[in-house]
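This report refers to the structure that appears directly beneath it.
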Amino acid sequence: MGYVPPPTPQYGLEEGPVLLKDGRTALLRRATPKDLPLFVEFLGRLSPASLRMRFFSPISPEKAAELLLSAKPEEEKVTLIVLAGEPQRIVATGEYVRAKGEEAAEVAFLVEDAFQGKGLGTLLLERLALIAAKRGVRRFQAFVLAENRQMLNVFTESGFQVKAHRDGGEVEVEFEILLEERAAERFEWREKVSTLASLHPFFFPRGVAVVGASRDPESIGYRVLENLIFGRFQGPVYPVNEAIGKEGGTVGPLLAYPNVESIPGPVDLAVIAVPKERVLDALEACGRRGLRGAILLTTGFTEREARELADKARRLGMRLLGPGSLGLFHTHPEARLAAGLAPLPRPGPLALSSQSGTLGRAVMAYAEGMGLGVSAFVSLGAKTDISSNDLLQFWEEDERTRVILLYLEGFGNPRRFSRLARRIGKKKPILAVHPSRDPLVRALFAQAGVVRANSLEEAFDAAALLALGRLPGNNRVCLISNASGPSNLALEVLKEGGLEVEHVDLGSTARAEDFARALEEARRSEAGSLFLLFVPMGFMSEEEFLALVERAEGDKLFLACSMGATGPRARLLGQAALFRFPESAAIALARAWAYRAWREEPLHFPDFQDLRLEQARRLVEGKKALTEEEARSLLQAFGLPLGDGEGLALRLSAEPHPLFGPVLTLLLPTPLGNQVLGKRLSPLTEGDARELFRPLEGKADPAPYREIALRLSRLLEELPQVEGVSLDLAGPRVARFALRLHADPKPR
């Protein structure tokens, strides 16, 4: 069994927005002494039964609050609270307490009656376990009344190996909190359930309110209504405009309402298209009405103003798409939702996400022109709340989505994105276009199995091929062509992509029957992909070639190129992807093969049995710097081989990045400076380490170097106190080293 990297929450481990099991929003943070009035008010709302379950005997809210907020050093006690509502109030709290130096800690939770059954106990247990493990705690203990079945279920369903012992009316629960695969899967499952519940009102709303609806055909509100109606949304649509007045009226054929609160029927989602100064009032009205989501089309907000709107929406229990969103479009027959400034696109297997709204309209039109169609399109706008990480989890479970294409202008949480993409990419391909040429972005995509494209055209080329729902059977390609020049262009690209090519050159006088005969022979070959390349030479018409492609069947991946074709660079034709240019077809096939190779490789994080983790934690605990001897002991605790060696001289450094986390860089020292051989992001899998040291193949045995990198990556993951490390390697040994600590480390 390998090492299991701890789950990465979308926001902070100890502070940030969280989702309840029903999709409602809340805020998690550390408790402080200033929270005493909030604690007294929280405890005063609880039933006597809930208080007895936590404290085992009658207790006043004031006395209970003092106990929960009793001061202890951070190494001995951590108390978390969950807040919800407007104004915010505490709805749940959890804590662990341990005696100084002990490896076990006692854990306990308290959840408001109305919020029980919404996953808050499990959420607090997960977060406390992750925090405690980083601080050297190995076991949790809890004492629970035997009748408190709900809390006992939280422990038994956590994924940890729980031992329970009953003594009279109490049950003592004990379990190791060192993360294993089952517990990590439960963490991920809980977050996915909450995320899907929070997005369901966006993709399958029972009703949609258009706030800012207008009779003016040139207005944004009118266009939104028009798109919802002509898209045949499968639910009620409610125009909202304060100018309607209490007596009511209509906007087009629909009854209109002066405010969201006066809507009589079911409504989950609001599309807000009002001037900037009225947005806050509109959000608050949606919250009072109990809406679950809002799509904010209004633009012109500063970054700070946009964040404040997202915070307001969360306190109201809502999720927010935007501001500055073009909208959300879902072609599922039970939804047919065009909630924004574009018509409902043609249904298909491609899910699209873009931060840019104007670009979104263009890519939807391009996909439609390819004959590809989309399952859903989401314009993220300012991305203050809903992000591509949320959408990935929704599309992971969407049977109609076969390929995911993301246009990313920036990353909110790259480490979370990487973990999600690694999981979801094993089920369906994720394509990404990022305007930056940053090598860290390339490293992130490569490690996460994301199919990276340099442009939207390349992305759609690959999407056309991957949308067929099959991958190359192996790395062998049979290329059948009637033109040597274009064939050579494709051959070079395919070979660079690691594909072995059997080229069948039919010659410039090839006719339809020659192509058909060669194709039939290729179907019986061991090639995993078939590639037909046609240039009009006067002996076979383009219509004959296209008919041959359209009729083609079989279980091999099939692509074709007709250099006389018109229309988009790539489109679907029968069971094949048809391209206009040989290079674009070859690049798409090379990317499909690279994705297939990544998908088949297990994501294995090695677990070294000789690590001395407790010794390592004691070395860095409470320190701002280490002596050379302490640093040496720390590296030895992780099994790094110190001492002089012989062989290739290299430098392996690890530096922090504010978004991407620890970055490992392999350098070759030269008289002109250090030459960068590769970069990878921590944590490293065995495959990541192999790619990092691929430049060494043929020059030195890379295996010992890979182990050094994997051990260094584990050090960085286990000890967030370590900020930077530099290792000078003389052969596969560490000849010199430098190490520094964070001034104020936070668990990653």
Checklist line | Filter pass, Phe534 being farther than 19 Å from Leu468 by Cα, crowded, with 20+ Cβ neighbours inside 10 Å and over 38 Å from the mean Cα position of the chain (by Cα) | finding: yes
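If the requirement is being part of a helix (DSSP H, G or I), more than 21 Å from Gly485 (Cα to Cα), free of Cβ contacts under 8 Å to residues at least 12 places away in the same chain and of a type in the set (Asp, Glu), which of these qualifies: Glu550, Glu543?
Glu543
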Checklist line | Every residue from region 539-579 that is among the polar types (S, T, N, Q), touching a helix residue (DSSP H, G or I) at 6+ places or on another chain (Cβ under 9 Å) and over 18 Å from Leu468 (Cα atoms) | finding: Ser541, Ser562
Check: When you scan region 329-448 for strands (runs of 3 or more DSSP E) that lie fully inside it, which ones turn up with 2 or more residues that are under 20 Å from Leu196 (Cα atoms)?
Finding: 337-340, 347-354, 374-379, 403-407
Note to self: What are the pairs with Cβ atoms under 8 angstrom where one residue, in region 578-589, is touching a residue at least 24 places away in the same chain (Cβ under 8 Å) and within 17 Å of Val549 (Cα to Cα) and the other, located anywhere, is part of a strand (DSSP E or B) and charged (D, E, K, R)? Sequence gap at least six, or different chains.
What the structure shows: Leu578/Arg571
Next item on the list: Residue by residue through region 613-629, note down the ones that are within 22 Å of Val137 (Cα to Cα), assigned to a helix (DSSP H, G or I) and of a type in the set (D, E, K, R).
Entry: Glu614, Arg617, Arg618
Check: Scanning region 644-667 for residues that are at pLDDT 95 or above and farther than 30 Å from Gly12 by Cα, which turns out farthest from the chain's Cα centre (by Cα)?
Finding: Leu650
Next item on the list: Could you check, for region 213-236, whether at least one of its residues is surrounded by fewer than 20 Cβ atoms within 10 Å (Cβ to Cβ), closer than 30 Å to Gln615 by Cβ and at pLDDT 95 or above?
Entry: no
Note to self: I'm told Glu513 meets every condition in (1) without any contact (Cβ under 8 Å) to a residue 12 or more places away in the chain; (2) surrounded by 14 or more Cβ atoms within 10 Å (Cβ to Cβ) except one. Can you identify the failing condition by its number?
What the structure shows: (2)
Item checked: Search result, residues across region 117-136 that are under 28 Å from the mean Cα position of the chain (by Cα) and not in a helix (DSSP H, G or I) -> Gly117, Lys118, Gly119, Arg135
Notebook entry, point to check: Does Ala285 satisfy the criteria of being more than 23 Å from Ala342 (Cβ to Cβ), of a type in the set (A, V, I, L, M) and out of contact with any strand residue (DSSP E or B) (no Cβ under 7 Å at 6 or more places or on another chain)?
Noted result: yes
Check: When you go through Ser379, Ser356 one by one, which is the residue that is hydroxyl-bearing (Ser, Thr, Tyr) and in contact with a Gly (Cβ under 7 Å, 6 or more places away or on another chain)?
Finding: Ser379
Item checked: Residues located in region 558-572, provided they are without any contact (Cβ under 8 Å) to a residue 40 or more places away in the chain and surrounded by fewer than 23 Cβ atoms within 10 Å (Cβ to Cβ) -> Ser562, Gly564, Ala565, Thr566
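Matching residues to (1) within 23 Å of Met151 (Cα to Cα); (2) without any contact (Cβ under 8 Å) to a residue 24 or more places away in the chain; (3) surrounded by fewer than 20 Cβ atoms within 10 Å (Cβ to Cβ); (4) of a type in the set (Phe, Trp, Tyr):
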position: Asp22; (1), (2), (3), (4): yes, no, yes, no
position: Pro33; (1), (2), (3), (4): no, no, yes, no
position: Ala71; (1), (2), (3), (4): no, no, yes, no
position: Ile81; (1), (2), (3), (4): yes, no, no, no
position: Ala92; (1), (2), (3), (4): yes, no, no, no
position: Arg98; (1), (2), (3), (4): yes, no, no, no
Checklist line | Arg182 in the same structural domain as Ala294 (by TED's automatic domain parsing) and either part of a helix (DSSP H, G or I) or at pLDDT below 95 (or both) | finding: no
Check: Looking at (1) among the hydroxyl-bearing types (Ser, Thr, Tyr); (2) buried (at least 19 other Cβ atoms within 10 Å of the Cβ); (3) farther than 24 Å from Asp607 by Cα, which is the only condition Thr670 fails?
Finding: (2)
Next item on the list: Say whether the condition of being crowded, with 21+ Cβ neighbours inside 10 Å and of a type in the set (S, T, N, Q) is met by at least one residue in region 517-529.
Entry: yes
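Having 3 or more residues that are over 24 Å from Val171 (Cβ atoms) is the bar; report the helices (runs of 4 or more DSSP H) wholly within region 23-92 that clear it.
Passing ranges, in order: 36-45, 61-68.
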Notebook entry, point to check: Here are Ser379, Ser436: which of them is touching a helix residue (DSSP H, G or I) at 6+ places or on another chain (Cβ under 6 Å) and farther than 20 Å from Arg599 by Cα?
Noted result: Ser379
Next item on the list: Go through region 620-632 and give me each residue that's modelled with pLDDT of 95 or more and either of a type in the set (Lys, Arg) or surrounded by 15 or more Cβ atoms within 10 Å (Cβ to Cβ) (or both).
Entry: Leu626, Ala631, Arg632
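The values are calculated or read from the model by the stated rules, or taken from the named source; none is laboratory data. Every value quoted in this text rests on a predicted model; they were computed, and no experiment measured them. Glycine gets a Cβ as well: all are built from the backbone with ideal geometry, and neighbour counts include every protein chain shown.
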